[in-house]
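The values are calculated or read from the model by the stated rules, or taken from the named source; none is laboratory data. Worth saying up front: this structure is predicted, and the values here are computed from it rather than measured. Cβ: placed from backbone, ideal geometry, glycine included. Neighbour counts: every protein chain shown. Protein only, heavy atoms only, side chains kept; ligands, DNA and RNA dropped before computing areas. Shrake-Rupley method; radii C 1.70, N 1.55, O 1.52, S 1.80 Å.
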Amino acid sequence: MIAAVTVLYNPKVDVLENLKSYLHKVDKVFLVDNSDTSNQEMFSELKNPAQIEYISNHENLGIATALNTGCKAALKDGFKWVLTMDQDSKIMELPEAFRHKLDEKNKTALYYPTYIINGEPYKYHICENGKPLVVMTSGNFIDLEAFSVVGGFDDKLFIDYVDFDYCLKLKNYGFELEKIEGYKIAHELGKSTVMQNFLFKVLLTNHPVLRRYYITRNKLYMLKKYKNVTAFYDKEKFTLLKEIAKIILFEQGKFQKLNAMYTAYQDFKMNNFGKKQ
């Protein structure tokens, strides 16, 4: 049995079309809503509402906590696998044979798709031995037994690097990640744009100020926590400088974003995590 866990936050009506792209692929969908007010009526038009379980957190508790809530609800209902989805992600292609893939007995605890961003396959993975070491949360099929073994997602991260931390915990416990060939999802990455000329091509995420805070704080935490994972550490340790350069050269709100990054550094040093107060 396969469930889906979709994390909501102030969803717009287009989330219904995204949801319909995988509703028929799973046995049940747990909608975990981090909005301050209920959005349950939005989903009443779906043909099979009994397949949907809506869970309201009544406030923004973060992606990690919402994912943990949904996965634990799926475990309680006897599900073995969960498809984790962002509200702005849509399944484009998923071969019917994917269920057989999940039945294989091996060390794979997470199956991931090809991410299509701005119409192109995402190519910025951190790899080890030619395979992605970490992947984004949306579109993954995760083994709930392994989820229990590694202790789920890290609530203290709140939003950014929740996915990377989970993948690296799986690695530390001896589990593996595997791509499902032919499986594609359309995914939004911030307000990303690609800037290209005859000299270079650069992906700009254009994250808002608060997201820039979480990215910076949690990146520093991850670098400290996974310093022994060479492929991850070596790739990530230079990204702060790259992000600062892209903000200065190409993005709006430069001062506010750089100030948020400095505040994030201070909070990291003071061990202040969770939701930014």
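Could you tell me which of the residues Y183, Y221 is in contact with a helix residue (DSSP H, G or I) (Cβ under 8 Å, 6 or more places away or on another chain), at pLDDT 85 or above and farther than 25 Å from D154 by Cα? The match here is Y183. Residues in region 186-218 that are assigned to a loop (DSSP other than H, G, I, E, B), at pLDDT below 80 and not hydroxyl-bearing (S, T, Y): E188, L189, G190, K191, N197, F198, L199, F200, N206. Can you say whether I91 is part of a strand (DSSP E or B), over 25 Å from D155 (Cα atoms), open to solvent by less than 40 Å² (accessible area, probe 1.4 Å) and at pLDDT 95 or above, as far as the supplied structure shows? Judged against the criteria, I91 is a match. For region 20-30, filtered to residues that are outside any strand (DSSP E or B) and without any contact (Cβ under 8 Å) to a residue 40 or more places away in the chain, the residue that is surrounded by the most Cβ atoms within 10 Å (Cβ to Cβ) is L23. The set of residues in region 226-251 being more than 29 Å from N129 (Cβ to Cβ) and touching a helix residue (DSSP H, G or I) at 6+ places or on another chain (Cβ under 9 Å) consists of I244, I247, I248, E251.
Looking at K107, K131, K80, K171, which one is of a type in the set (K, R), in contact (Cβ under 8 Å) with a residue 12 or more places away in the chain and within 30 Å of D267 (Cβ to Cβ)? One residue alone meets the criteria, K171.
Looking across region 31-64, the residues that are assigned to a helix (DSSP H, G or I) and touching a strand residue (DSSP E or B) at 6+ places or on another chain (Cβ under 8 Å) come down to Q40, F43, Q51, I63. Taken over region 144-162, the criterion of being charged (D, E, K, R) and open to solvent by less than 30 Å² (accessible area, probe 1.4 Å) is satisfied by D154, D160. Scanning region 222-242 for residues that are open to solvent by 30 Å² or more (accessible area, probe 1.4 Å) and either of a type in the set (S, T, N, Q) or over 21 Å from the mean Cα position of the chain (by Cα) (or both), we see that the one that is farthest from I126 (Cα to Cα) is L241. Put simply, of K227, K246, K254 the only residue that is without any contact (Cβ under 8 Å) to a residue 12 or more places away in the chain, farther than 28 Å from D155 by Cβ and either basic (K, R) or touching a Pro at 6+ places or on another chain (Cβ under 9 Å) (or both) is K254.
Among the candidates D160, D154, the residue that is within 16 Å of F268 (Cβ to Cβ) and modelled with pLDDT of 95 or more is uniquely D154. Just so you know, in region 4-19 the residues that are among the hydrophobic types (A, V, I, L, M, F, W, C) and over 17 Å from the mean Cα position of the chain (by Cα) include one that is surrounded by the most Cβ atoms within 10 Å (Cβ to Cβ), and it is L16.
Among residues of region 103-128 being in a loop (DSSP other than H, G, I, E, B) and over 15 Å from S89 (Cβ atoms), the one that is least open to solvent (accessible area, probe 1.4 Å) is I126.
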